[in-house]
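The values are calculated or read from the model by the stated rules, or taken from the named source; none is laboratory data. Source: prediction; values computed, not measured. Here the Cβ positions follow ideal geometry from the backbone for every residue, glycine too, while neighbour counts run over all protein chains shown. These accessible areas exclude ligands, DNA and RNA; they are computed on the full protein's heavy atoms, side chains included. Shrake-Rupley method; radii C 1.70, N 1.55, O 1.52, S 1.80 Å.
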2 protein chains.
Amino acid sequence: MSGEKDHIDYAHELDVAIKPDSTVPLIGKEYGYFSGPGVPLFSIGGGFLRQALQQILVSFHARRGYFIAETPTLASSELFKLSGHMDFYRENMYVFNIEDREFTVKPMNCPYHLLIFLSHLARFRNRVKLPFKIFEMGRVHRYEPSGSLYGLLRVRGFTQDDAHIITPEGEAARVISDVFEEMRSLMELVFGLPIDEGNVRLRLSLSDRSQIGTHFMGSWEEWSAAESALEEIASKIAEKYKVKVSRGVGEAAFYGPKIDLMMSLRGSSGVKEWQMGTIQFDFNLPRRFKIYDYVKEIYGDMNVFIIHRALLGSIERFIGGYLEHYKGRLPFSMAPLQVAIIAIKAGGELDVKVEEVSERVKRELLSRGLRVAVKESSRTGLSGDVRLLESSIKPPLIVYIGPKEVRESTLAVAVYDQRTGRRSNMSVKYGETLEELMKIIEEQEKSVREASGVSPRIPADLSHMV
Amino acid sequence: MSGEKDHIDYAHELDVAIKPDSTVPLIGKEYGYFSGPGVPLFSIGGGFLRQALQQILVSFHARRGYFIAETPTLASSELFKLSGHMDFYRENMYVFNIEDREFTVKPMNCPYHLLIFLSHLARFRNRVKLPFKIFEMGRVHRYEPSGSLYGLLRVRGFTQDDAHIITPEGEAARVISDVFEEMRSLMELVFGLPIDEGNVRLRLSLSDRSQIGTHFMGSWEEWSAAESALEEIASKIAEKYKVKVSRGVGEAAFYGPKIDLMMSLRGSSGVKEWQMGTIQFDFNLPRRFKIYDYVKEIYGDMNVFIIHRALLGSIERFIGGYLEHYKGRLPFSMAPLQVAIIAIKAGGELDVKVEEVSERVKRELLSRGLRVAVKESSRTGLSGDVRLLESSIKPPLIVYIGPKEVRESTLAVAVYDQRTGRRSNMSVKYGETLEELMKIIEEQEKSVREASGVSPRIPADLSHMV
């Protein structure tokens, strides 16, 4: 499929990220991509997209009982010695000294989340309710060889929609089931990616029971209880949503079993399976942080599990995969440009009233928090203008305003439909108020709002980009 | 004033940040503060506060025509060689190698913002409108000696409400004036800190004209035009708001003059003047990035200025100063716990109906995106419970529900008033709906919403913290 656009092309068209191989034009010399490989530079389109996504994810999780944290980028190496990472993960970490003390750019958020849990236990004792759930949009950094770096898909700095759940053993199955439902809501309602037979597989990574205590750390009881909970929920999900389940015996990490949501997405090189969400047990960290003991001290005889989970995994990678799958079409709430207004010229001239109405609609949409642009139609006719929009910034809504619309107090609206890949055209009344257009927009925001409680309104006039 | 609480005490009470000297209790050993000095660990209260503040600031700026960016934490050292920082700022930067290439943890956002501006110029040419304004909540890292680190006030990793404005020379005065109005809206409407005679000084840092071209880089024309614009606006502001202006001749940075908003805040050691917002000209970066030439190539004969500006400066430091000034009272929209519900026992027993109504009110507030907690009154009477709340989590609203309230279908509400430092009591009807209580809440959110377009709703049940 050569010649097909890849996610970097779409990211460039939408101004989501600056192409890694693009140059920044300075007079006299063209400079290369300065971020350095593996640390993608989100541009203005990408800035809006990321803020919108962050607001959606924060609200999504807060409404499901997750506490929200924000932990540092750097950490004293001591913290990652305690967690064990300095022993078995150091080669993937960026480490340097400040004065005579060693610091690291955090490669993961877990140790910080556990510190917060512990500090809450220490202060609030058994008033802390379990399961305890803590979420962060956490930017982490890990070494990747420069040869393997690729666009947004393989990077050295990325953001996880990361959460940790400390749950009583007996509630682990319910927790896993809830997290799966979160994945489903997020994928289906926020991103329009259905969870069904055709495109989803659950991948269980289990221990080889004969190696528990050697290759796989922790007790037989832990592995057994955790893997039963995973199996139980995987079967229920498989039955309910008709998705496949595969089992990798012996493929678990040394610290615990997991279940991954594998999703098939179309891409520039055909359909590919992506690892999206993950639910992982961890029997290492609670020992390292003495959480089992501390929990027993406070709650009496209670066994808990620590579960890592992410719904999207790496935001950067997810955006990359999504851009290829939907050929650069983003959900309305996250699209850099949400509404393009085309002011139609008649006979090569732009009517003053057409210009006025176009500007007024733009201002009203801006004041409602939407990202808009006005573009004058070119001499060569509308189809060229639309083609240009569709091959660049791809606004979910195009509003046409010409002499006819002004005369009839209407707006012609073309709404992109992610499922069909086409626009449907409609005409709405526009007198003194924008209400009918706003109804169309609210319809676009509806499922995101249903899932997360918000559809962020972060306005911008992006007229220079169309 | 010994014995007075400082910002770290308040941060601890509100669960905003974990005290740098506090220990995390692991059985058998008490561990110290693991983040390492200078990288404050925001806990759950702090996580909600920071997300709310970020949403407010992003919306605040987007509504004022700033584009939103999100740039990497790391950068190839090449970028900071180009900007010049590697020559004159390297000792403050954290630098390390990945493979054979040098990287730095970014100490500032400016170079990235300029790259984005340049990439927009290259793609969209003169359709890019000036002034061009780009905003980021940018986390930066700079070396501070360990001996000078102090709580949230002096740290090694902090977040700037950072923006860069590229403006035609002739519009510089208007831009400065607009930024001052932004400062004023943010301080007064979002944080309830009035800008007036008593507590604000504008500090101009100007060149010594005799040293332009030697100590101060750039041309006489640049300095002259920039300093005139600063002087003009400072005089207007001084007249309009009756604030003092001071001039530091020769105190400008080598790269340009600036104006700082100095604000007097009460603190644990008396009233102190803080540097809040800053508006700085930069004559170095545009030369380094060849922006003057490139702008001329695209717009014809046009001189532009590059202005750095921040309204709060370091978010961490601002929060610290604010906590001391208002003794741990945060604006409603950012308070970790927004509404505490006290379920009042009668005769040592909690009436079932009181419990039911309390839980119902909690659930309804949660579903509206608010952060709430339910606390049963203790045997010793309400005053002790209230004292405890006021000396810990400090909710802006306290709602009392007892047998009397249940009987009369009312809620007793005590609303904290930042200006008077007292609570005013009122009684609202509560039948089937929460409407009257929501009116009080919306009143609390009103000025933040007026300034920024939003009052974030990021819900949480924080009952374990009361």
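For region A:52-66, the set of residues classified as open to solvent by less than 10 Å² (accessible area, probe 1.4 Å) and either at the interface with chain B (Cβ under 7 Å from one of its Cβ atoms) or within 16 Å of the chain's Cα centre (by Cα) (or both) consists of A:52, A:53, A:56, A:57, A:58, A:59, A:60, A:61, A:62, listed by residue number.
Do we find that residue A:200 is open to solvent by less than 10 Å² (accessible area, probe 1.4 Å), over 19 Å from the mean Cα position of the chain (by Cα) and farther than 14 Å from residue A:308 by Cα in this structure? Considered against the rule, which asks whether it is open to solvent by less than 10 Å² (accessible area, probe 1.4 Å), over 19 Å from the mean Cα position of the chain (by Cα) and farther than 14 Å from residue A:308 by Cα, residue A:200 comes out as no. Here the strands (runs of 3 or more DSSP E) wholly within region A:264-349 that include at least 1 residues being in the same structural domain as residue A:78 (by TED's automatic domain parsing) and open to solvent by 30 Å² or more (accessible area, probe 1.4 Å) are A:270-281. When residue A:208 is tested against (1) in contact with a Ser or Thr (Cβ under 7 Å, 6 or more places away or on another chain); (2) more than 30 Å from residue A:442 (Cβ to Cβ); (3) not aromatic (Phe, Trp, Tyr), just one condition goes unmet, and that condition is (1). Just one of the numbered conditions (1) farther than 29 Å from residue A:61 by Cα; (2) exposed (fewer than 12 other Cβ atoms within 10 Å of the Cβ) is not true of residue B:433: (1).
Among the residues of region B:111-121, just one is within 9 Å of chain A (Cβ to nearest Cβ) and either in a loop (DSSP other than H, G, I, E, B) or among the aromatic types (Phe, Trp, Tyr) (or both), namely B:112. When the residues of region B:210-263 are filtered to those that are touching a residue at least 12 places away in the same chain (Cβ under 8 Å) and among the basic types (Lys, Arg), the one that is surrounded by the most Cβ atoms within 10 Å (Cβ to Cβ) is B:258.
If you go through region B:138-195 and keep only what is open to solvent by less than 20 Å² (accessible area, probe 1.4 Å) and of a type in the set (S, T, N, Q), you end up with B:159, B:167. When each of A:149, A:153, A:49 is tested for being at the interface with chain B (Cβ under 10 Å from one of its Cβ atoms) and not acidic (Asp, Glu), the lone residue that passes is A:49.
Taking the listed residues A:135, A:124, the one that is within 14 Å of chain B (Cβ to nearest Cβ), aromatic (Phe, Trp, Tyr) and buried (at least 22 other Cβ atoms within 10 Å of the Cβ) is A:135, with no other qualifying. The set of residues in region B:252-286 that are at pLDDT below 95 and basic (Lys, Arg) comprises B:266, B:272.
Tallying residues that are crowded, with 19+ Cβ neighbours inside 10 Å and basic (Lys, Arg) within region B:96-112 yields 1.
So that you can scan it fast, the table gives a plain yes or no per residue for (1) aliphatic (A, V, I, L, M); (2) modelled with pLDDT under 95:
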site: A:382; (1), (2): yes, yes
site: A:412; (1), (2): yes, no
site: A:423; (1), (2): no, no
site: A:431; (1), (2): no, yes
site: A:445; (1), (2): no, no
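Of all the numbered requirements in (1) open to solvent by 50 Å² or more (accessible area, probe 1.4 Å); (2) in contact with a strand residue (DSSP E or B) (Cβ under 8 Å, 6 or more places away or on another chain); (3) basic (Lys, Arg), residue B:362 misses one, and that requirement is (1). Scanning region A:73-95 for residues that are surrounded by fewer than 17 Cβ atoms within 10 Å (Cβ to Cβ) and closer than 12 Å to residue A:141 by Cβ gives A:92, A:95. Of the residues contained in region A:354-375, none is found to be modelled with pLDDT under 95 and farther than 30 Å from residue A:42 by Cα.
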